[in-house]
1. Under a 10 Å cutoff between Cα atoms, tell me which one of A:PHE111, A:PHE280, A:PHE17 has the largest fluctuation in the Gaussian network model of chain A.
2. For A:LYS230, go through the lysines and keep the ones whose alpha-carbon is under 30 Å away, minus same-chain ones fewer than eight residues off.
3. Would you mind calculating the relative contact order of the range B:50-276 from Cα pairs under 8 angstrom and at least 6 residues apart, reporting the percent as a whole number?
4. Ignoring everything but the protein chains, give the 1.4 Å probe accessible area of B:ASP114 in square angstrom, nearest 10.
5. Cross-link partners among lysines for A:LYS90, C-alpha distance below 19 Å, same-chain residues fewer than 8 apart left out?
6. When the Karplus curve 6.51 cos²θ - 1.76 cosθ + 1.60 is applied with θ = phi - 60°, which whole-Hz ³J(HN,Hα) does each residue of the range A:69-76 get, with x for Gly and Pro?
7. More than 37 Å apart: what percent of Cα pairs in chain A qualify?
8. For peptide B:77-86, how many partner chain Cβ atoms fall within 10 Å of a residue's Cβ, on average?
Amino acid sequence: MPRFALAIPAWAWLVVFFVAPVAMVVWFSFGYKPGIFGTHANDVLSFDRYVEALSPTFFTTFMNTLWIGLAGTALCLVIGLPVAYWMAVKAPPSRRGLLIALVMVPFWTNFLVRTIGWQVILAPEGWLSTLLQGVGVIDGPLDLLYTRTAVLIGVVYNYLPLMILPLYVAFDRVGTPLREASKDLGAGKWRTFARVTLPLSRPGVIAGVLLVFIPLMGDYITATVLGGAKGNMVGQLVASQFQTAQNWALGSAMAVLLILVIMVTVALGGLVVWLVTLPFRTRNRLVLGEPPSSEAADTPSASSVSGSGLADDGAASADRVPEEVAS
Amino acid sequence: MKRSWSDVALSVWGVLVFLFLFAPIIVIIVSAFNTGRLLVAWDGFGFDGFIALLEKPAIRDAVWVSVQTGAIAALVATVLGTLAGIAMARHPGKWVFWFIGLLLLVSVTPEIVDAVALLPWLVFLGQDAGLALFNDGVVRLVVGHSLFATAVVSYIVRARLVGLDAQLEEASSDLYAKPLTTFRRVTLPLAMPAVLAGFLLSFTLSLDNTVIAAFVQVSGTTPWPVYVLSALRSGLRPEIASVSTIMLVLTLVALGLVAFVLRRAGDSATQIARTMTGN
């Protein structure tokens, strides 16, 4: 019996219902739409659908999606980092379980329903609008729903727990002794945070950014509920090509482009961060007897073959490492 | 000890963000008791929305379809994921690298791409390939919901077993237990907390799934989130909030069970958090 025998059912299931359909979409993307009633044809292959998908009308939506993706991820990081730090370091240990549970509740509330909650809050006739008018902050009804700002609020809200949780895990793992050592060696609290806590939490930051950015870019629901015509995202374009326009070839090309944009952005982002932090990392390098999490994250132990393959991805490897280190 | 201003600022920020996280949920729960015609406009307090669940067959059916497909999809994902997770943890090799690559691909592909890919594929299987099974609404939903869930269960089960020594299984086979007996009496019980957690997580993931469901569903078997999505176009009534509140309670009970199972198995709060986010 081969070593992977037990994994064959899952493998087969995913090949038949994930790899095959996605491969078919890639194949469709090289075809065209034949006439009004056809959805796709592949007798002539070309890159024309990709050119079409990047024509000015659709290109605006791609740029819009990228803007929301980057701004949303940055906001999640800025908002989530202090919260995660507070939960892991400042809050009393006895209350941490409760705080984590509280972050999980919105995360596990139906995505569509909590987005509808924001639609109710942001509606021009909603209570926020009434409140702000009553206080005198704005003159007319709140004009936020169905704009790009509304989509941004929605995605920051929807993906924030995915940023807080890995950051919390990372801060929690740094532990008190290293912070106290830093303090004993004369560093202030800001210096300790910048030179000890944050560098050691790097895997958590990487995981959080990826966990937020990747699904955010493919988001369909938030933009549908809060975006209207002004806050369009690529997910809606793809959906409309399949559902209303019945142009599967173009929709497929857009789907493939969406994945490519996500991959290229992650790669570029990783490169930029790597280059920018290079001088800091060489200067800040400190070698303890057994390097803790930060270094271990890049080179998982040899016993776990799987980990090494994930090192360049971060999202999964960063979060899986502790088990391997612990074992 | 006097608290520094930065500590105070952190606490204030933490509380504000928690308020932000709960704002729309509170709004939905409050709206559940709205007796008006529209969700947005508050009319009066009452239980009309909850009664709709009993009175409107469309809503009742949608909820039932969701619960049914959720349970079946969770079962499929748990069986597939548990076997795969055990294989990865106990029979490592070069193949694990490729397999995890596949699981990662499944988890990072945008849902909308899965959705538009599955629709023509299921139509192809059901009509062109003549497998009538795939014209069934429940089967389609189960397939769509099980993909990501299978990856999640695989991760969780693998993570748990990697953290446990294989010596128990070795001892079992040294004592002349057949491989199947060892699997049933030693490996599976060791993995059980992760298996249960994986099942419940898959169930809630499935209850939540909107995008794939909206594409692969056939009329007659509309799950609850897709019903809400279509109500979005025709006007949201308070009953949407009422039923969503019930579903939220159901989800929280399932997650409470996950936390309970994991805690019984000796996990810390941090480990529970990691497991429950699918890592």
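The values are calculated or read from the model by the stated rules, or taken from the named source; none is laboratory data. Please read these numbers as outputs of a predicted model, since none were measured by experiment. Note that we place each Cβ from the backbone using ideal geometry, even for glycine, and neighbour counts take in every protein chain shown. To get the accessible areas, we keep the full protein, side chains included, count just its heavy atoms, and leave off ligands, DNA and RNA. Shrake-Rupley method; radii C 1.70, N 1.55, O 1.52, S 1.80 Å.
1. A:PHE17
2. Candidates past the 8-residue exclusion: A:LYS33.
3. Rounded, it is 33 percent for the range B:50-276.
4. We get 10 Å² for B:ASP114.
5. Straight-line reach from A:LYS90, under 19 Å: A:LYS183, A:LYS189, B:LYS2.
6. These are the phi-based 3J(HN,Hα) values: x, 6, 5, x, 5, 4, 5, 4 Hz.
7. The answer is 31 percent, as a whole percent.
8. On the way: counts 2, 0, 3, 9, 4, 2, 7, 9, 3, 2.
What the average comes to for B:77-86 is 4.
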